[in-house]
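Remarks on the structure that follows.
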Amino acid sequence: MSISTRLTDLLKVQHPILLAPMDIVSNGQLAATVSRAGGFGIIGGGYGDESWLAREMGVAGDARVGVGFITWSMAKRPRLLDFVLERRPPAIMLSFGEVRPHAGKIKKAGALLICQVQTLEQAKDAVANDADILVAQGAEGGGHGISRSTFPFVPAVADAVPHIPIAAARGVADGRGLAAALMLGADGVLIGTRFHASQEAAGSAAAKECIVSATGDNTIRSILFDIARRNVWPAPYTGRVLRNSFSEKWRGREAELLQHQDEEADRYAKSRAVGDFDTAAVIAGEAVDLINDIPPAAEIVRRMVTEAAGLLSGASNRYRVAQQ
């Protein structure tokens, strides 16, 4: 069973499901597994660690996987993009930064350019800089973003740039979300938190268990954890994580936390190193309500496609349409 769209045609994949390039979590094993299951895996290049990327691209082997970057980090590591492009990935994904300085080099290397956008202005700018695929990112998901909600934003982007394939990102964790995104004009979905809670994802088993046991009500958008990591993003970006004792202690007291940043950052780093998620953050989105297990990533792809295909083919008997 498969679902074909402009996105699957362009990426030469079976299913319109992309792995979000979650920093560190989306390693070579997870990306390769998603690709071999018929989706498109993207290794999380994050802020840029050449040795880590070299290792994980090697782990992915002959699987067709892309690499995603937090775009402004490449200004500090200008060699990084060249390093990745030398390995001939089929696609590069850019998020949170200027597309123009990097687009030409990516396209010249023969890679598809995937741009994650949070506003219509960003979408139009990405298209003007030869983006092949847009990822319309809402605020429901884990990690950084702005404020638009996914399902109003997706059709707005689809209407604004109808000739460009679009993947919906944030708040999708099952086949219902995939089917809904397609009905709203998307050509596929980019999935983060659901794949974080998979067997192949890098990171702590305890963090995965936190995702399984949480609800969307347990998430919070803030800059608290960026302050604690000494990595505050520019406004208007904030990050969604699971609530914990640290967030409850400092919520609404960001200015005070900045005054105590050195001591709290040391405590946070130690907690993260030992997997103490009562202090360290688990990056996860509102879709945690839909996540109840930690299966292999290929099983996640299979479930999502099967459920979405059933809904799209009219298998649901919950609705009746009458001719008036």
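So here's what we get for this one:
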{"quantity": "Derived scalar couplings ³J(HN,Hα) [the stretch 55-66; Karplus, 6.51 cos²θ - 1.76 cosθ + 1.60; whole Hz; x for Gly, Pro]", "calculated": "5, 6, 5, x, 4, 5, x, 8, 5, 7, 10, x"}
{"quantity": "Scattering curve values for the stretch 88-244, log₁₀ I(q)/I(0), Debye with Cα scatterers, q = 0.12, 0.15, 0.19 Å⁻¹", "calculated": "-0.56, -0.87, -1.27"}
{"quantity": "Convex hull volume per residue in cubic angstrom - Cα atoms of the chain", "calculated": "140"}
{"quantity": "Semi-axis lengths, Å, the stretch 1-80, gyration tensor of Cα atoms, sqrt of 5 times eigenvalues", "calculated": "24, 14, 9"}
{"quantity": "Lys/Arg +1, Asp/Glu -1 at C-beta; the stretch 146-223 dipole; positive extreme among Pro155, Ala173, Ile223", "calculated": "Ile223"}
{"quantity": "P(r), alpha carbons of the stretch 176-324 - 10 Å bins starting at zero, rounded %", "calculated": "10, 32, 29, 17, 9, 3, 0"}
{"quantity": "Per-residue ³J(HN,Hα) for the stretch 150-161, Karplus 6.51 cos²θ - 1.76 cosθ + 1.60, θ = phi - 60°, Hz, x for Gly and Pro", "calculated": "4, 6, x, 6, 4, x, 5, 5, 4, 6, 6, 9"}
{"quantity": "Unit charges at the beta carbon, dipole of the chain: most positive-side option, Ala131, Pro236, Pro296", "calculated": "Ala131"}
{"quantity": "Of all DSSP beta bridges in the chain, antiparallel share, percent nearest 5", "calculated": "20"}
{"quantity": "Spread of Cα-to-Cα distances over 10 Å intervals beginning at zero, given as percent, for the stretch 137-212", "calculated": "20, 45, 27, 9, 1"}
{"quantity": "Calculated from backbone phi, Karplus (6.51, -1.76, 1.60) coupling profile of the stretch 181-189 in Hz, x at Gly/Pro", "calculated": "4, 5, 5, 8, x, 6, 9, x, 9"}
{"quantity": "Where Rh is the Kirkwood radius over Cα pairs, Rg/Rh for the stretch 176-244", "calculated": "1.03"}
{"quantity": "Largest-first ellipsoid semi-axes for the stretch 202-285, taking √(5λ) over the Cα gyration tensor eigenvalues, angstrom", "calculated": "20, 15, 11"}
{"quantity": "Kirkwood-Stokes translational diffusion coefficient of the stretch 243-312, alpha-carbon pairs, 10 °C, 1.306 mPa s, µm²/s", "calculated": "104"}
{"quantity": "Net charge dipole size for the stretch 222-324 [Lys, Arg +1 and Asp, Glu -1 on Cβ; Debye, nearest 20]", "calculated": "400"}
{"quantity": "Out-of-range pairs (alpha-carbon distance over 20 Å; input Lys76/Lys270; Lys76/Lys105; Lys12/Lys107)", "calculated": "Lys76/Lys270"}
{"quantity": "Highest-MSF residue in the chain out of Pro234, Pro155, Pro295 [GNM, Cα springs under 10 Å]", "calculated": "Pro234"}
{"quantity": "Listed residues Ala280, Ala75, Ala32, most fluctuating in the chain (Gaussian network, C-alpha, under 10 Å)", "calculated": "Ala75"}
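Rule-based calculations on the coordinates, nothing more; no lab input. All figures in this text were calculated on a predicted structure; none of them were measured in a lab. Cβ atoms come from the backbone with ideal geometry, glycine included; neighbour counts cover every protein chain shown.
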